[in-house]
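As structure tokens, the structure follows; a few thoughts come after it.
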Amino acid sequence: MKVFPTEVNGVVIVESPTFRDERGFFAEVFHAEKFAALGLPTDFVQDNHSRSAKGVLRGLHFQRRKPQGKLVRPVQGKIFDVAVDLRQSSSTFGKWFGVMLEEGDGRQVYIPPGLAHGFYVLSESAHVSYKCTTSYHGPSDSSLLWNDATVGIEWPIANSESPLLSSRDQAAQAFAALAPFP
């Protein structure tokens, strides 16, 4: 396994060797000893799996109390995955990072606690799996507006398209209205 830092503090791409043959492929996506040696968390307490249709945008989600670190990978399909730094003490506060992830490419992204997370589905559908460092805490669950002009995320959405959003994500807060993490 290899880790590649990104321009947002703590967000890393984790790349695992992928072994391919006529049957398909095999990749080791989590190994506690290897993650620890790379400086990544090994105590994940919750695994989530979502299925979304093409054009769905999920996020940008975060928890104010009990913030979650997330290890994200598409099991099927292709997504544009995004993290936004909400930690006021971070030198990358307010910055975003986005990466294309596709099933079988051997890559996943680790997003530390204190960042908002979301993704946009580029394939006909996508199954996304993510491990979390803390359990879901509904009372502190919140959303950052996906198209907030202050953050300026460059989503790979054609001009004539509108992403499919949940009512919760449609009502998300603007960056300027959020109380930042310490």
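The values are calculated or read from the model by the stated rules, or taken from the named source; none is laboratory data. Note that this is a predicted model, so its numbers are computed, not measured. Note: ideal-geometry Cβ built from the backbone for every residue, glycine included; neighbour counts use all protein chains shown.
Tabulated results
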read-out: Set TYR130, TYR120, TYR110: member being surrounded by 12 or more Cβ atoms within 10 Å (Cβ to Cβ) and closer than 15 Å to VAL75 by Cβ; value: TYR130
read-out: Condition check for ARG20: under 24 Å from VAL151 (Cβ atoms), surrounded by fewer than 22 Cβ atoms within 10 Å (Cβ to Cβ), of a type outside the set (Gly, Ala, Ser) and modelled with pLDDT under 95; value: no
read-out: Residue list for the stretch 44-71, restricted to those being modelled with pLDDT under 95 and surrounded by fewer than 13 Cβ atoms within 10 Å (Cβ to Cβ); value: ARG65
read-out: Qualifying positions in the stretch 157-173 - assigned to a loop (DSSP other than H, G, I, E, B), surrounded by fewer than 12 Cβ atoms within 10 Å (Cβ to Cβ) and either hydroxyl-bearing (Ser, Thr, Tyr) or under 17 Å from the mean Cα position of the chain (by Cα) (or both); value: SER160, SER162
read-out: Number of positions in the stretch 133-144 that are modelled with pLDDT under 95 and crowded, with 24+ Cβ neighbours inside 10 Å; value: 0
read-out: Residue within the stretch 158-171 that is of a type in the set (Lys, Arg), more than 20 Å from PHE30 (Cβ to Cβ) and in contact (Cβ under 8 Å) with a residue 12 or more places away in the chain present; value: yes
read-out: Of all residues making up the stretch 64-86, the number that are under 11 Å from LEU115 (Cβ atoms) and in a strand (DSSP E or B); value: 5
read-out: Contacts under 8 angstrom Cβ, first residue in the stretch 10-36 being farther than 18 Å from TYR110 by Cβ, partner of a type in the set (S, T, N, Q) and surrounded by 12 or more Cβ atoms within 10 Å (Cβ to Cβ), 6 or more apart; value: PHE25/THR18; PHE26/THR18
read-out: Odd one out for VAL14, checked against (1) of a type outside the set (Phe, Trp, Tyr); (2) closer than 20 Å to TRP155 by Cα; (3) surrounded by 20 or more Cβ atoms within 10 Å (Cβ to Cβ); (4) over 12 Å from the mean Cα position of the chain (by Cα); value: (2)
